[in-house]
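Asker: Sharing a structure here in structure tokens format.
Throughout, read-outs are computed from the coordinates displayed, never taken from laboratory work. Fair warning: this is a prediction, and the values are worked out from it, not measured in the lab. Using ideal geometry, Cβ is built from the backbone for each residue, glycine included, and neighbour counts are taken over all protein chains shown.
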């Protein structure tokens, strides 16, 4: 299957199987690619590379032929129009699963996978190329719920890695982590707002920024015991989480809490500027019109 999908006829093959009205809604077809995600994590370099190369072909197919996938002829003599997700939800879910491990590569994070190059160069063009991938997957709510959850887990990982390696240190080993997080959230937003009546809510960036501030402050307090934070937000020596603050102080308390976190970060390495510039700025770029 790798050779077919990465070969000269691979894109046409994918379109033909994606736009055909399968009786099983694409379940059997999705089995053709169910090896991609597990093989992406293989310790064998060639196995992982084949998975990456196949995933790259799937990604380019969704990116280049999204228009066709958003308007698939259906019904008697093609009298109706539907989407790939409505026609073949099982296949769409299989595509989302196959591409999950490669979300980082779509936002220019080269770590963790092989065989999946930038979709375009430079990085900004690669991120724009990824937008229709998210849009195509959003045509099936289950597929997109999975893909969005994968993205949020990856964003959480970026925040933890950045914070745990000291965001105030110019030698931080992952200096682009906040940019990766912002781009990924922006792509999720772009996809969520593509599908009309989608049950998937786009990211709430006020909440995402609050979470980023919390993760940074918590790590900095743990790293340097000499630092202090307003006592209202400390319980048993631990910084309250955003959810705990909402429960204890309500919505107005959350706003004051966020302001306190931002003030702390500005006073200790100006990390808040990194969050608003890198994470929020890249979110707005990746989301495009979805931010309006």
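Asker: If you count, for each residue, the other Cβ atoms within 10 Å and average over each peptide, how do 143-149, 161-167, 101-107 line up from highest to lowest?
Answerer: Per-residue mean Cβ counts within 10 Å order the peptides as 101-107, 143-149, 161-167.
Asker: While we're on this one: For Cα pairs less than 8 Å apart in space and 6+ apart in sequence, what is the mean separation divided by the residue count of segment 168-292, i.e. the relative contact order in percent?
Answerer: On the way: 111 pairs, mean separation 63.4, N = 125.
Result for segment 168-292 is 51 percent.
Asker: Using the count of nearby Cβ atoms within 10 Å as a rough guide to exposure, how do 284, 201 rank from fewest to most?
Answerer: Placing the least packed residue first, the sequence is 201, 284.
Asker: Still on this structure: For a footprinting-style exposure proxy, rank 111, 160, 50 by other Cβ within 10 Å, fewest first.
Answerer: Placing the least packed residue first, the sequence is 111, 160, 50.
Asker: Remind me, relative contact order of the chain in percent, using alpha carbon pairs under 8 angstrom and six or more residues apart?
Answerer: Details: 432 pairs, mean separation 49.1, N = 292.
It rounds to 17 percent for the chain.
Asker: Arranged by the count of other C-beta atoms within 10 angstrom, fewest first, what order do 30, 142 take?
Answerer: 142, 30
Asker: Go ahead and run the numbers for FRET between residue 9 and residue 41, Cβ-Cβ distance against an R0 of 35 Å, rounding to 0.05. Working shown, then result.
Answerer: Numbers: r = 28 Å, r/R0 = 0.81.
That gives a FRET efficiency of 0.80.
Asker: Helix-only estimate, please: 222 nm mean residue ellipticity of the chain, summing -39500 (n - 2.57) across DSSP H runs of length 4 or more and dividing by its residues, to the nearest 500.
Answerer: Details: 16 runs with 178 residues, N = 292.
Taken over the chain, the calculation gives -18500 deg cm²/dmol.
Asker: What label, among (i) 30, 23, 18; (ii) 35, 24, 16; (iii) 39, 21, 15, belongs to semi-axes √(5λ) of the Cα gyration tensor in Å computed from the structure on display?
Answerer: Recomputing semi-axes √(5λ) of the Cα gyration tensor in Å here picks out (iii).
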